[in-house]
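This report concerns only the one structure given below.
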Amino acid sequence: MDVINNVIIQLQAELNRVLEQFRQLRGNASIQIELNPIDRRGVDVVFDIINSPQFQLIRQKYPNPNNIDIIVDSPGGDADAAYHIAKIISSHFSGIITYVIPRYAKSAATLMVCGGNKIIMGETSELGPLDPQIKQDGGNYISAKAVQSTLDLIEDHLKNKSKTGLELATILISRMNPLILGQYQSTLDIVQKYQKELLMSRMFTSKTDVDKIVKKFAVGYTHHSRIIDCREAKQIFGNNVDILPSNNPLWQLIWRYYEINRQIKDLVGIIQKISKVNNQ
């Protein structure tokens, strides 16, 4: 494992060099938010990063310390936590907040980036529908829209006096806390409220435009994993999205940062597996 640890140290040094090059090219301080999933603990992590003495020194190096670039890599998670993170970041930076998406900012992470002024994307970048996840008793998350779709299906069967409706209802209740079933609509409603508030805070001034965007994210997509690529994001958010081609020097730094970080995570995963085997 010593060899792997040495490689990780070298990759971490390279990651820091690439991040510094990115900062110099952009002329802004920057941080990375890598949360899988986004949860309440992530609120503490982001708060600690932006208030750390180390980051405050980095921030003061640039002409406008109130601007920040945030590199996001997350499949989503808790919408309440994502909203809270976006609000904390906004309260600490009165200038331009830019979210940079090398690969994924799905679901709750999409909600979070709605709190910025700009979004930088490339060919590999993905946003996703705002399909909030409801935490179950066991700690696992389930899609609120999936619950809604199942309840709609049950209702249709019951209207037709089909035994299938009763069977589905029995299965659903046996697998989920009945109290959680009542949360799905309120969860969908609050996520729409969060998105509207975040979009109006920086990106948009037109309530009509924001209402259209919120409606699209609420009912415009049929499944949770739907890909919203850079071009579709541009259609939705307009000039608030900057699309960088793959040969753009800035994008090449962004992608290099993502690749190095992915290699580090893969190696850390290998170490964890070796340690688990050794401890058995």
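Read the figures in this text as sums done on the coordinates, not as results from a lab. Treat the numbers as computed from the prediction; the structure is a model and nothing was measured. Cβ sites come from the backbone with ideal geometry, for glycine too, and all protein chains shown count toward neighbours.
Tell me which residues come under 5 Å, amide H to amide H, from Ile33 once H is placed; ignore anything under 5 positions away on its chain.
For Ile33, the qualifying residues are Ile71, Val72, Asp73.
Using Cβ counts within 10 Å as a stand-in for footprinting exposure, how do His84, His223, His92 rank, fewest first?
Ascending Cβ contact count within 10 Å gives the list His223, His92, His84.
Of the trypsin sites (Lys or Arg not before Pro) in region 53-126, which ones lie in a loop per DSSP and count no more than 15 other C-beta atoms within 10 Å?
Working: sites: Arg59, Lys61, Lys87, Arg103, Lys106, Lys118; in loops: Lys61, Arg103, Lys106.
Taking region 53-126 and a limit of 15 other Cβ atoms within 10 Å, the loop trypsin sites (Lys or Arg not before Pro) found are Lys61.
What is the distance in Å between the Cα centres of region 216-246 and region 57-90?
That distance is 20 Å.
At a Cα cut-off below 16 Å, give the aspartates and glutamates reachable from Lys61, other chains included and same-chain residues fewer than 8 away excluded.
Straight-distance partners of Lys61: Glu20, Asp69.
Where does each of Thr205, Thr110, Thr124 land when they are ranked from fewest to most other beta-carbon atoms within 10 angstrom?
Starting with the residue having the fewest Cβ neighbours, the order is Thr205, Thr124, Thr110.
When a/c is below 1.5 the answer is rounded, else prolate if a/b is larger than b/c, else oblate, so apply that to region 1-144 with a ≥ b ≥ c taken from the square roots of the Cα gyration tensor eigenvalues.
Taking the square roots of the gyration eigenvalues as a ≥ b ≥ c, region 1-144 is oblate.
Once you've got the Cα coordinates, tell me which of Lys87/Lys196; Lys193/Lys215; Lys87/Lys216; Lys87/Lys265; Lys106/Lys276 are over 21 Å apart.
Table pairs above 21 Å Cα-Cα are Lys87/Lys216; Lys87/Lys265; Lys106/Lys276.
Order these peptides, 209-216, 251-258, by their mean beta-carbon neighbour count within 10 angstrom, highest first.
Highest to lowest by the protection proxy: 251-258, 209-216.
For Lys159, give me every one of the lysines with a C-alpha distance below 22 angstrom, ignoring sequence neighbours fewer than eight places off in its own chain.
Cross-link targets: Lys145.
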